[in-house]
Amino acid sequence: MCGIVGYIGTQQAAPLIVSGLKRLEYRGYDSTGVCVLSDDAMRIEKRAGRVKDLENIVDIASIHGSVGVGHTRWATHGVPNDANAHPHTDQDGGIALVHNGIIENYLTIKKKLESAGYSFRSDTDSEVLAVFIGMLYKTLGDLELAVRTALTEVEGTFGIVVVSVHEPDMIIAARRGSPLILGIGNGEYLVASDASAVISHTRQVVYLQENEMAILTRDGFSTKTIENVDTRSVVEEIAFELEQIERGGFDHFMLKEIYEQPITFRDGFRGRLNIEEGSVRLGGLGPVVDQLRQAKRIIITACGTSWHAALVGEYLIEQLARVPVEVEYASEFRYRNPIIHHDDVVIAISQSGETADTLAAIREAKLKGATVIGMVNVVGSTIARETDAGVYLHAGPEIGVASTKAFTSQLCVLTQFALFLGRMKAVSAQQGKDLADALEQIPEQITRILDNAEPIKKIAHEYAQASNFLYLGRGYNFPAALEGALKLKEISYIHAEGYPAAEMKHGPIALIDENMPVVFIAPKDEIYDKIVSNIEEVRARNGRVIAIADDDDEHIARVANHVIRVPRTIPMLTPILASIPLQLLAYYIALERGCNVDMPRNLAKSVTVE
Ligand code: G6P
């Protein structure tokens, strides 16, 4: 949420910052701004809109200077307009700041500043911090000290980068709750919200820790806590390649990521799954194996798509490991004083590893003594660091705001986790082998679905103007129905709801008429006949049925208006295959409606505010 890039070195900062911002736009795209220092002056250009909107009106190459910062915004305080765009400056215009996060006590600080005669140009909490730092600088005469002093009074979350004409050969960065990394180049240093903005300059990075500050100059960098205690930083190598964050010939990142799933899914079990023994090796769980074996209960906490994966995880773990599982929205879990015992295991699922609510939930769980495990995609992210142990998804960078490949990788990891735990308990080697065999076939089965997208495009064309959609599934596919509905609403802005199919009779059936498309996930499992009855109920009320069904299911075409075929797998793995056509359906409907698939309105990929 909000993208930040800062640069200090020998090259022209502005074009470099702007190209970095383009890579961070998935974090927010309400407004864009840059600030570059040159000859004791500061030039700021900022506008509502995307990076390309700024480029259209400002000749970026005409901005000279080799120190600067830039920002793409996801609005929290104040509408997306030019005045609210970052960077924000202090009263005298000598200090500029970009900010990601929320300053919760900004009104208190603002009042204090107003009574001291200061005024404001924007509605943002971030400008209050800039003005506050400026006021402190006047008395302290030291930028680092002014930033540090201001931050000790701030409540809330921040990733900030500050530059100033008063001390022009320096950049100050600090974080609490919002990620920042340093890019270590040759005579040049960058600071950014994530590695994608620096990888074209350097692969060497330092992840700033909670409550840490960094001072960057052309000659080096130092890190310390906000309380001024020196810290030791570890330089790490970026774990992905540049091509992975480029569109690579696809029209959208989302489509590219959908089509990457045969590979990303395989990467999720490569080196982990032992088909011969029907077992799984999850090296990252080594430190907590005993706690897992003894766990009386597992709580999975997550947000958004990751929460849907958690629901599938609940079914899988209870089935295979016979341990009770509860799934909680992280935002609810953290605030309701949950009952947690020391023999509980809490699993946090997160693509980004930075979601504020999920992070707060694991902190709460740790405080109460639970063992905390992360299932995270972004290597080195905060959740990955703060958990006792974990399993990476290995899906590679996901840029499209609507999550696709991370979801199937989450299901891949959850299936293996359930088998891992199950094999310590009642699951036999043969049962494990059957599951591992089926899992191993999934990548090729996904390819077959992707190779046959034409019928899905046609269905998308026919229903693109619908105002509502219902998604129904049972058992393992109830969460898949929720996820299908979420994908559609996120990118096409069509209202869609997911429901357990049998629950339809208790409400949603009232909505069904000839204008209501209903997507059924109907694999041939033990409740297939019940799903077919639910389909009949919809047809009896003139609803239009789109069924996701096995490729050898001959009966379904007689009851459904449209059938999307998927290869047959074991019931446990059906939500993985069902999600592929659901992703494509949402994608093609959004295209038909002319929506911006990769940057849907109001959304952001990484939600680092509450
Ligand atoms: C945002 C994203 C979703 C994502 C959710 C949780 O809402 O738009 O795609 O599922 O956050 O994010 P996480 O990174 O924790 O999985």
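If you wrap the tightest convex hull around every Cα atom of region 458-526 and split its volume per residue, you get 93 Å³.
Computed about its Cα centre, the charge dipole of region 3-238 is approximately 380 debye, with only Lys, Arg, Asp and Glu carrying charge at their Cβ.
In this rough spin-label picture, where each label sits 7 Å from Cα along the Cβ direction, the Asp529-Thr225 distance is 6.6 nm. If you line up the long axis of helix 356-367 against the longest principal axis of the chain, both from Cα atoms, how many degrees apart are they, to the nearest 10? Taking Cα atoms only, the helix is inclined about 80 degrees. Taking θ as phi - 60° and the Karplus parameters 6.51, -1.76 and 1.60, the scalar couplings of region 4-15 work out to 10, 9, x, 9, 9, x, 10, 8, 5, 6, 4, x Hz in sequence order, x denoting glycine and proline.
What does the charge dipole of the chain about its Cα centre add up to, to the nearest 20 debye, if the Cβ of each Lys and Arg holds +1 and the Cβ of each Asp and Glu holds -1?
Taking the Cα centre of the chain as origin, the dipole is about 660 debye.
Converting phi to 3J(HN,Hα) with the Karplus coefficients 6.51, -1.76 and 1.60 and the offset θ = phi - 60°, region 94-110 yields x, 10, 10, 9, 10, 9, 10, x, 9, 8, 5, 9, 5, 5, 4, 5, 4 Hz in sequence order, with x at every glycine or proline.
Shape verdict for region 202-281, please, from the Cα gyration tensor: rounded (a/c under 1.5), prolate (a/b greater than b/c) or oblate. Judged from the Cα gyration tensor, region 202-281 comes out oblate (a/c at least 1.5, b/c at or above a/b). Backbone geometry of region 336-342 corresponds, through the Karplus equation with coefficients 6.51, -1.76 and 1.60 at θ = phi - 60°, to 3J(HN,Hα) couplings of 9, 6, x, 7, 10, 9, 5 Hz, x marking Gly and Pro. Given their separation in residues at 0.36 nm each and the Cα-Cα distance between them, Glu503 and Ile339 gain 56.1 nm when the chain is fully extended.
A DSSP coil position with no more than 11 other Cβ atoms inside 10 Å describes the following GluC sites (Glu not before Pro) in region 476-541: Glu514, Glu526.
Simple spin-label estimate for Arg232 and Asp40 gives 4.2 nm between the two label positions (7 Å along the Cα-to-Cβ direction from each Cα). About the centre of its Cα atoms, region 213-262 shows a dipole size close to 220 debye [charges on the beta carbon of Lys, Arg (+1) and Asp, Glu (-1) only; nearest 20 debye]. Report the percentage of all Cα-Cα pairs in the chain whose separation exceeds 44 Å, rounded to a whole percent. That tail contains 23 percent of the Cα-Cα pairs. Packing-based ranking of 260-270, 191-201 yields 191-201, 260-270, ordered from highest to lowest mean Cβ neighbour count within 10 Å.
Restricting attention to the chain, close to 60% of DSSP beta bridges with both partner residues there are antiparallel. Rounded if a/c is under 1.5, else prolate if a/b beats b/c, else oblate: with a ≥ b ≥ c from the C-alpha gyration tensor eigenvalues square-rooted, which is region 238-352? Oblate shape, in that a/c is at least 1.5 and b/c is the bigger or equal ratio.
Mind checking the per residue accessible area of the chain for me, 1.4 Å probe, whole number of Å²?
Numbers: 22400 Å² over 610 residues.
On a per-residue basis, 37 Å².
For Leu107 and Ile570, what is the calculated FRET efficiency with R₀ set at 41 Å and r taken between the beta-carbons, to the nearest 0.05? Efficiency, from the Cβ-Cβ distance: 0.15. The length gained by stretching the chain between Thr10 and Glu153 to full extension, at 0.36 nm per residue less their Cα-Cα distance, is 48.0 nm. Please work out whether region 247-448 counts as rounded, prolate or oblate from its C-alpha gyration tensor, where a ≥ b ≥ c are the square roots of the eigenvalues and a/c under 1.5 means rounded, while otherwise a/b larger than b/c means prolate and anything else oblate? Cα axes put region 247-448 in the oblate bin. Against the main long axis of the alpha-carbon atoms of the chain, helix 574-592 sits at an angle near 60°. Kirkwood hydrodynamic radius of region 314-355, from the reciprocal of the average inverse Cα-Cα distance over all distinct pairs: 12.1 Å. Compare the Cα positions of Leu414, Tyr587, Pro397 along the charge dipole of the chain (+1 at Cβ of Lys, Arg; -1 at Cβ of Asp, Glu; about the Cα centre) and return the one farthest towards the positive end. So the residue furthest toward the plus end is Leu414. If R0 is 22 Å, the Cβ-Cβ spacing of Gln319 and Glu276 corresponds to a FRET efficiency of close to 0.45. Counting protein heavy atoms only, the chain has 48 percent of its accessible area on carbon and sulfur, 1.4 angstrom probe. Can you pull the one-decimal nm distance between simple spin-label points at Leu367 and Asn452, each 7 Å off the Cα toward Cβ? Inter-label distance under the simple model: 5.2 nm.
Sort 281-294, 453-466, 133-146, 169-182 by packing, meaning the average of other beta carbons within 10 Å per residue, with the highest value first.
Final packing ranking: 169-182, 133-146, 453-466, 281-294.
Give me the extension gain from Asp434 to Arg218: residue separation times 0.36 nm, minus the current Cα-Cα distance, reported in nm with one decimal. Could the numbers behind the result be given before it?
On the way: separation 216, 0.36 × 216 = 77.76 nm, distance 5.79 nm.
Taking Asp434 through Arg218 to full extension adds about 72.0 nm, to one decimal.
Calculated [222 nm] ellipticity per residue, helices only, for the chain: -11000 deg cm²/dmol; basis is -39500 (n - 2.57) per DSSP H run with n ≥ 4, divided by all residues, nearest 500. For region 452-598, the average shadow cast by the Cα convex hull is 7.6 nm², which is a quarter of the hull's surface. With R₀ set to 41 Å, the beta-carbon distance separating Glu536 from Glu444 gives a calculated FRET efficiency near 0.75. The distance linking region 95-172 with region 13-39 is 20 Å (Cα centroid to Cα centroid, whole angstrom).
The values are calculated or read from the model by the stated rules, or taken from the named source; none is laboratory data. Remember, it's a predicted structure, so these values are computed and weren't measured experimentally. So basically every Cβ, Gly included, is an ideal-geometry build from the backbone, and we count neighbours across all protein chains shown. When the accessible area is computed, the model is the full protein with side chains, heavy atoms only, and any ligands, DNA or RNA have been set aside. Shrake-Rupley method; radii C 1.70, N 1.55, O 1.52, S 1.80 Å.
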